Amino acid sequence: MGIRLTSEEGKTALYDSVSGFAFGPVFDTEVEAAEFADYAESRLNKALNKMLHREIDEVYATWLMSMEGSR
């Protein structure tokens, strides 16, 4: 089961290529989406499509704070 990025209307969403379901936050660029996916999977040590919605929300909040600190 893989994670794919898809862009529509200038936004990028993550979706499971097997089930076709989108999940998680929506990003402004494919680069941001890929960076978040890498960050989330390394923080929780599991694939995004195996995470609970709550886990994705929590790691997204942490990722956003880390991005603010790097600006």
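Every read-out reported here was derived from the displayed coordinates using simple, explicitly stated rules and does not represent laboratory data. All figures in this text were calculated on a predicted structure; none of them were measured in a lab. Here the Cβ positions follow ideal geometry from the backbone for every residue, glycine too, while neighbour counts run over all protein chains shown.
If R0 is 25 Å, what FRET efficiency do you get for M67 and S19 from their C-beta distance, rounded to 0.05?
Once rounded, the FRET efficiency stands at 0.30.
Between A40, A22, A61, find the one with the highest GNM mean-square fluctuation for the chain; connect C-alpha pairs within less than 10 Å.
Sorting by GNM fluctuation, first place goes to A61.
When a footprinting reagent is the concern and you count Cβ atoms within 10 Å, what order do V26, V18 take, fewest first?
V18, V26
May I ask you to list the GluC sites (Glu not before Pro) in region 7-47 that are in a DSSP loop and have at most 16 other Cβ atoms within 10 Å of their Cβ?
Taking region 7-47 and a limit of 16 other Cβ atoms within 10 Å, the loop GluC sites (Glu not before Pro) found are E9.
With a cap of 15 neighbouring Cβ atoms within 10 Å, and only residues DSSP puts in a loop, list the trypsin sites (Lys or Arg not before Pro) found in region 6-54.
Within region 6-54, the qualifying trypsin sites (Lys or Arg not before Pro) (loop, at most 15 other Cβ atoms within 10 Å) are K46.
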